[in-house]
1. Sorting H286, H189 by accessible area (1.4 Å probe), largest first, what list results?
2. Which net charge results for the neighbourhood of G377, defined as the other residues with beta-carbon distances under 11 angstrom from its beta-carbon, given Lys and Arg at +1 and Asp and Glu at -1?
3. Where in segment 23-61 does the label zone of E269 land, with the point 7 angstrom along Cα→C-beta and an amide N cut-off under 18 Å?
4. Working out 0.36 nm times the residue gap between D54 and A241, then minus their Cα-Cα distance, what length gain in nm do you get to one decimal?
5. In a shell of Cβ-Cβ distance under 13 Å around N290, excluding N290 itself, what net charge do Lys and Arg (+1) and Asp and Glu (-1) give?
6. Dividing the alpha-carbon radius of gyration of segment 35-78 by 2.2 N^0.38 Å (N being the number of residues), what value is obtained?
7. Just read off the accessible area of V126 with the full protein assembly in place, 1.4 Å probe, to the nearest 10 Å².
8. Note down the net charge around A227, summing +1 for each Lys or Arg and -1 for each Asp or Glu among other residues with Cβ under 10 Å from its Cβ.
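The values are calculated or read from the model by the stated rules, or taken from the named source; none is laboratory data. Note that the coordinates shown come from a computational prediction; the quantities given were computed from them, not determined experimentally. Cβ: placed from backbone, ideal geometry, glycine included. Neighbour counts: every protein chain shown. Just so you know, the surface numbers come from the protein's heavy atoms only, side chains and all, with ligands and any DNA or RNA stripped out. Shrake-Rupley method; radii C 1.70, N 1.55, O 1.52, S 1.80 Å.
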Amino acid sequence: MAPLKIMDLFSGTGGFSKGFEDAGAFEVVYGIDMLPEAIATFRLNHPRAVTFTDDIREVRLGVVAEKTGLARGEVDVIVGGPPCQGFSSIRPFRSMTEDDPRNSLFEEFASYVNYFRPAVFVMENVVGLATYKNGTTIEQIECCFSELGYDVDWRVLNAAHFGVPQKRERLIMIGALEGMSLSFPKPTHAGVFRTIGLRERHRILAPAENNGIVSLFEEDDIKLPRAVTVMEAIGDLPWLAAGEQAEIYCEDPQTDYQKQRRARSTCLEWHVATAHSSRMLEIIRHSGSNINSVPGHLISSGFSSCYSRLEPDEPSVTITVNFVHPASNKCIHPHQDRALTIREGARLQSFDDDFRFTGNRTKIAKQIGNAVPPLLGRAIAQSVQQMFGMSAGCEARREVAA
């Protein structure tokens, strides 16, 4: 069977669709994002895809069809994460046209689904969407896709349960043309993590629950491995002082995760430590699990997670766009007196070492912090692949979509 064709909207670096490609059954054919450096990175890693660097509201769908050569029903999967502001004022979909300048970013995602009629779509977003406006917004979104002829469901996933060394929660909505069975990935790693408060606890996709508390998963006497920790992810990377960099690996990978991320890499890139000021270095030397470890005379303000070290034997907290700046978040190396390097941040987001980035250090940090972890994308892709295998072949479904 030919690869399933996938479009990536609000693509950023393409971490989400890279996970789909890594699953083995998908071919990325299109990506669009407003940030030039993000699309430049996307192109490096998806060289055969058609790309647009533009506001999605400014690109006509007919032009996309012309450039990709894909008509209605010829796209198999559409993925993407419309930015949060796209949900501020959702209007009934039937009042929209593809050229309506009032379209929100979510409505643009829905327009792509309506225009190309993929068999499956996957929309990822912040977990706060589940409770936004007391849950009425996500109900509107479900109704919108239902009106378009899709069965829809959603879950809250923690990336750490899928092999990513990071406690990153995301809301994942999957839709399929009526008649296909919906499928979500099963956790591959165990761990007890804080999660959003939801009345519908079944929507939190975790290994197991006991009175609402996530616990280790056991089934048929099989235990899942524990979640990958920070040092299991980055412990093989060379030691650096602030301002230093390394371009070669100094030792062999020590864990399966390290081996997997280094599998095809021949050189070490972007392992460059921030050149901290003397004052920041003094703060870092005092840093611990939270801001309270730092003497009060060294700092004037900050959130509890600022100026703090990552725990070596746990998955990382959520990687943000400022993970090279300790004043902004919890991003100090567990054992070394500096913030994370770009390579370490990419490792914690599950990017392979041979994934190529473009831009300066600040812009690349933003690309990494905004990305969907490829390993999480891969887990979702495997479920989507299972959906295609549950019923008739891909070509038959394309006929239904048309």
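1. H286, H189
2. -1
3. 36-49
4. Length gained between D54 and A241: 63.4 nm.
5. My count for the surroundings of N290 gives +1.
6. Expressed relative to 2.2 N^0.38 Å, the Cα Rg reads 1.23.
7. Probe radius 1.4 Å; accessible area of V126 about 50 Å².
8. It works out to a net charge of 0.
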